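Inspection log for the structure reproduced underneath, given as structure tokens.
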Amino acid sequence: MKSKTIKSILRKKLQHWLKHVDDENVRKIIEDNAICTGGSIASMLLGEKVSDYDFYFKTKESATAVAEYYVKKFIANPPPRFKGRPLPIRVMSENGRVKIMIKSAGIVSEAGEEEYQYFETLQGQEDAEEYVESATKALEDKDEEGSEKEKYRVIFMSTNAITLSNRIQVVIRFYGQVDEIHENYDFVHCTCSWDAKTGYLTLPKPALESMLAKDLQYKGGSKYPLCSIIRTRKFLKREWNCNAGQYVKMAWDLNSFDLSDVEVLEDQMVGVDAAYFREVLELLKERQGKGVKTVDGTYLMQVIDKVFN
């Protein structure tokens with residue numbers, strides 16, 4: 001797909017999204033601060049179907065405002081099974097980070113508790129990202145069949161992001177200019193970007209080379225190297241290559257994290273919202289509550305075997 005076509009598609013997608021934002025101030029914030037980057041542009045360049053469009057924001061204030069808007073919308077008009085029940089969800093800003101606090105669960109979805117429980121206890125067949133993709137597609141298919149449900153409504157929320165219907169994902173974990181956002185990225189091919197305000201499409205040469213060769217290149221310095229390692233599975237299924245050197249780079253970055261600290265381990269697992277690890281974390285926290293402050297390797301291996309086998 002040509003860059004001109006990609007810019008046109010992204011502009012139309014943004015405009016359609018904004019038509020369904022009923023707060024003029026939030027609409028203006030999105031117009032001025034949104035950056036689309038990640039896998040969607042790579043998919044278009046490769047002629048593949050886009051699963052969703054990831055939008056980030058240039059400032060902490062804009063990321064917070066958009067997150068608060070959608071949290072309020074969800075609370076004001078929750079799915080039927082949530083009505084009449086308290087929804088302890090709020091947006092927090094601490095240590096320079098914007099995040100959504102969802103009491104006890106960590107994630108909430110339009111599907112509700114039955115699907116939600118299934119999502120939390122997946123036995124390893126799919127990762128959370130794949131689950132969200134399939135759930136989103138099912139909802140999209142229903143919408144395309146004539147559903148009168150609201151467009152761009154919240155269908156999934158986690159600490160790091162809000163997934164809307166109609167294939168939009170609002171990412172709040174990171175914010176800033178494109179280069180600042182990409183400091184947190186793991187793979188080179190995902191570093192193409194589009195600025196909503198200027199309409200400028202950036203296609204870095206290393207990203208294009210990686211896509212053409214279908215060769216995964218780890219950037220180094222990722223905040224979530226454990227999740228980067230896990231994410232390679234998805235690309236290998238799509239017939240990408242990942243040489244041994246890239247795994248060494250990921251392992252090197254991972255070595256700087258103390259995974260014996262439950263909070264550090266949890267943050268590493270949340271990097272791509274790998275929710276099927278939640279059961280592992282809950283068991284580790286349960287043990288921590290009994291006075292065991294660090295993760296014991298032998299116990300962790302037993303827990304993982306129990307959950308995944």
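Below is a table of values for the structure above.
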| item | result |
| --- | --- |
| Net charge, V262 excluded, C-beta distance under 15 Å - Lys, Arg +1, Asp, Glu -1 | -4 |
| Long-range amide H partners of D215 with built H, under 5 Å | N241 |
| Rg/Rh for the stretch 215-309, where both radii come from Cα atoms and Rh is the Kirkwood radius | 1.01 |
| Residue-wise HN-Hα coupling along the stretch 218-235, computed from phi with Karplus coefficients 6.51, -1.76, 1.60 (Hz; x: Gly, Pro) | 7, 6, x, x, 4, 6, 10, x, 4, 5, 4, 4, 5, 5, 4, 4, 4, 6 |
| Pair F257, K285: separation of 7 Å Cα→Cβ label points (nm) | 1.7 |
| Inter-label distance for T298 and L203, nm, one decimal - labels placed 7 Å from Cα along Cα-to-Cβ | 5.7 |
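Rule-based calculations on the coordinates, nothing more; no lab input. Just so we're clear, the structure is a prediction, and the values are computed from it rather than from any experiment. Virtual Cβ from ideal backbone geometry, glycine too; neighbours counted across all protein chains shown.
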